[in-house]
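The numbers here are math on the coordinates, done by the rules we state, and not lab data. Remember, predicted model here, so these are calculated numbers, not experimental data. FYI the Cβ positions are ideal-geometry reconstructions off the backbone, even for glycines, and counts take in every protein chain you see.
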Amino acid sequence: MIEVKNITKSFEGRTVLNDISAVFETGKTNLIIGRSGSGKTVLIKNIIGLMKPDSGEILYDGRDLTSMDKQELNMLRREMGMLFQGSALFDSMTVLENVMFPLNMFSKESYKDREKRAMFCLERVNLAEAEHLYPSEISGGMMKRAAIARAIALNPKYLFCDEPNSGLDPKTSLLIDDLIHDITTEYKMTTVINTHDMNSVMNIGENIIFIKEGVKEWQGTKDQVITSNNKALNDFIFASDLFRKVKEAEMHQDDGI
Ligand SMILES: Nc1ncnc2c1ncn2[C@@H]1O[C@H](COP(=O)(O)OP(=O)(O)OP(=O)(O)O)[C@@H](O)[C@H]1O
């Protein structure tokens, strides 16, 4: 579990995160949603220690990241997996070499065992057959799966995903969402996902944190999103075609229509 307590962050006198507190639950897909510029990325950067908050605490299963020294932070980072926007695979490495990269950096196991672990992760994401291919030879969805395999190679307790569906078609996005959700449950990871994608909210929104202008405006589940009376949340959601239809259907049901 990650607990964010009273996080505030300003840039040159402008408050970008204002007293945010939230809990990101273990074994669940925790989504951060909000309009562009609302502060989602700054919040994630604070959570993973790439930025230091002006005040507040960030507790990783009770361990406060904001009071860690460099060595402690490096140790904690080993427990984090990262899935970057656009996959960020190394073009000059095969799929297998990409997945082995964090193992080569941090694992003391033999080459054979590192290779075995990487192949296990590739099999988990259904990509074993692509082990010898280069990123330029595979589809966007396959690249994303390779990036997921790389993110889980070191068996992280915490998984951070930045816009995991960017650049993917809706069907592939759904498969990637399901894969992230399944590995989160299976490995009991605390997964934090920064997303714009309303399909993801509907599909895997087990714990949703809605940020508006640097303030946590609302927190709840995908089912609660549909029935919420929070005006800011509804305005945000009604901007999405999909959600508007779901909410309208819900409202008609309430009217007995
Ligand atoms: N290093 C920085 N220095 C100054 N201002 C910053 C910095 N990083 C972010 N900001 C500002 O903080 C605000 C929140 O930005 P942030 O990137 O967190 O938004 P976001 O919700 O992630 O948007 P998007 O969905 O478009 O990525 C923006 O107004 C941005 O300009």
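Quick rundown of the values:
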| quantity | calculated |
| --- | --- |
| J(HN,Hα) series, the stretch 26-37, from Karplus relation 6.51 cos²θ - 1.76 cosθ + 1.60, nearest Hz, glycine and proline x | 6, x, 10, 8, 9, 9, 9, 10, x, 5, 4, x |
| Net charge contributed by nearby residues that have their C-beta within less than 12 Å of N46 (K/R +1, D/E -1) | +3 |
| Fully extended contour minus Cα-Cα distance, from L133 to K112, at 0.36 nm per residue | 5.6 nm |
| Net charge dipole size for the stretch 88-155 [Lys, Arg +1 and Asp, Glu -1 on Cβ; Debye, nearest 20] | 280 |
| Interchain or long-range residues, amide H under 5 Å from W218's placed H | F210 |
| Whole-Å semi-axes of the stretch 1-70's equivalent ellipsoid (Cα gyration tensor) | 19, 16, 9 |
| Relative intensity, log₁₀ I(q)/I(0), of the chain from a Debye sum that treats every alpha carbon as a point, q = 0.10 Å⁻¹ | -0.52 |
| For I32, distant residues with modelled amide H under 5 Å away | I193, N194, T195, I209 |
| Rh by Kirkwood over Cα pairs, then Stokes-Einstein D for the stretch 88-155 at 1.567 mPa s and 4 °C, µm²/s | 113 |
| Cα Rg, Dmax, the stretch 1-151, angstrom units | 18.0, 53 |
| Per-residue ³J(HN,Hα) for the stretch 119-127, Karplus 6.51 cos²θ - 1.76 cosθ + 1.60, θ = phi - 60°, Hz, x for Gly and Pro | 5, 4, 5, 5, 5, 4, 9, 6, 10 |
| HN-Hα J in Hz across the stretch 160-175 - Karplus 6.51, -1.76, 1.60, θ = phi - 60°, x for Gly and Pro | 10, 10, 9, 6, x, 9, 4, x, 9, 6, x, 5, 5, 4, 4, 5 |
| Gaussian network model of the chain, Cα within-10 Å springs - most flexible of E213, E129, E79 | E129 |
| For R63, distant residues with modelled amide H under 5 Å away | none |
